[in-house]
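Report on one structure; see the data block that follows.
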Amino acid sequence: MRPDRRRWAPRVSAPTQEELAERDAPGARIPSAAHRLLVRGLADGPVLVQVARAGYLPGLACADCRGPARCGACHGPLGLAANQTMACGWCGRPEPAFRCPRCAGTRVRSRAVGSARTAEELGRAFPGTVIVHSSAEGPRGVVDRIGPDPVLVVATPGAEPEAAGGYAAAALLDGWAATGSAGLDGGIDALTRWLGAAALVRPAERGGATILVGGPDPAGAGALVRWDPAGYALRDLAERTHLKLPPTVRMVSVSGAREAVAAFLDGADLPGPSEVLGPMDDGDGVRALIRTDLSHARELLVAVRTARAGYTARRGAPIRVQVDPTL
């Protein structure tokens, strides 16, 4: 197995923040180790820089209280375009005069750097190098393929073009953003994106190398370094089994107004081993989770369907019932 990895996979490193701090200023987004790797790679072919998010500055915060900058209409995240226009990332509404609802501050700072801003910064760091920006919001959109000549490709996950002969090197930035999702599958999704980019790099036997930086989750980073997605998946499944999380259990969510969710649960004849978690606040209302073991999954679904029919007949307030919800 290990000889096969050396034959087909690139050499992968994932230095910790403490290791990087010995040579770089704290919080450096493109540390010197990644910069050196890109320089060496450009001497031998194209190199890839994977950025977690598209856009210019897709995440902004109040410069005074550091709270997230939100749209006044829909409360979506405010971002800054390359032309310095501030707008909402959800509804697209421009925000010409930001004022923080918490501290009344009017200045903003960046919370996240997108692929467009990264391409701009790397263009200054590598003068004379051709920069290819591949993303849905890039000037050329998603680029499918590039040649073997030395170019620097900046791409978002899934938009990485194939390189003739493979990339000489790759730097995977913003590890914290990739694994910082509160969702249950955040770590798996991040490792999938990293492996997808690293697989485009030449094997280690041909000098291919990949570096992961930006404070990623240590478990995912270790799986990437070892090139061991199967081991990561087995450990994740064992942890979910212990914690009674999907897919080792069947789960149903019920969301709506607090009184409506309570009425639905009161009218549900749930199978014996079922557990009700919550209700907990969920935006405009609340959400309750019903959990049971897989051996009682069919009974739970029948009970929920019956309860939903009875609740609808009573013309209660709107609720949403979802099987295997996203957590």
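The values are calculated or read from the model by the stated rules, or taken from the named source; none is laboratory data. Only a predicted model underlies this, so the values are computations on that prediction, with no experimental measurement involved. Heads up, the Cβs are rebuilt from the backbone with ideal geometry, glycines too, and the neighbour counts pull from every protein chain shown.
Quick rundown of the values:
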quantity	calculated
Subset of the range 143-159 that is part of a loop (DSSP other than H, G, I, E, B) and touching a helix residue (DSSP H, G or I) at 6+ places or on another chain (Cβ under 6 Å) - its residue that is surrounded by the most Cβ atoms within 10 Å (Cβ to Cβ)	Thr156
Count of residues meeting criterion [assigned to a loop (DSSP other than H, G, I, E, B) and within 13 Å of the chain's Cα centre (by Cα)] in the range 177-213	6
Residues being touching a strand residue (DSSP E or B) at 6+ places or on another chain (Cβ under 7 Å) and closer than 26 Å to Gly283 by Cα - total across the range 53-72	13
Test: residue in the range 316-326 that is on the phi > 0 side of the Ramachandran plot, in contact (Cβ under 8 Å) with a residue 24 or more places away in the chain and outside any helix (DSSP H, G or I)	yes
The range 268-305, residues that are of a type in the set (D, E, K, R) and in a helix (DSSP H, G or I)	Arg298, Glu299, Arg305
In the range 14-69, the residues that are touching a Phe, Trp or Tyr at 6+ places or on another chain (Cβ under 7 Å) and free of Cβ contacts under 8 Å to residues at least 60 places away in the same chain	Ala69
Within the range 197-214, considering residues that are within 24 Å of Arg235 (Cα to Cα) and modelled with pLDDT under 95, the one surrounded by the most Cβ atoms within 10 Å (Cβ to Cβ)	Val213
Residue, farthest from Thr241 (Cα to Cα), within the range 284-309, restricted to residues that are among the hydroxyl-bearing types (Ser, Thr, Tyr) and out of contact with any strand residue (DSSP E or B) (no Cβ under 7 Å at 6 or more places or on another chain)	Thr306
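Okay, residues lined up against (1) of a type in the set (Gly, Ala, Ser); (2) under 17 Å from Pro318 (Cβ atoms):
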{"position": "Ala263", "(1), (2)": "yes, yes"}
{"position": "Leu270", "(1), (2)": "no, no"}
{"position": "Ser274", "(1), (2)": "yes, no"}
{"position": "Leu277", "(1), (2)": "no, no"}
{"position": "Asp284", "(1), (2)": "no, yes"}
{"position": "Ala288", "(1), (2)": "yes, yes"}
{"position": "Glu299", "(1), (2)": "no, no"}
{"position": "Ala303", "(1), (2)": "yes, no"}
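Residues checked against (1) among the basic types (Lys, Arg); (2) touching a strand residue (DSSP E or B) at 6+ places or on another chain (Cβ under 7 Å); (3) more than 24 Å from Leu184 (Cα to Cα):
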site	(1), (2), (3)
Asp236	no, no, no
Thr241	no, no, no
Lys244	yes, yes, no
Arg250	yes, yes, no
Val261	no, yes, no
Leu265	no, yes, yes
Gly272	no, no, yes
Val276	no, yes, no
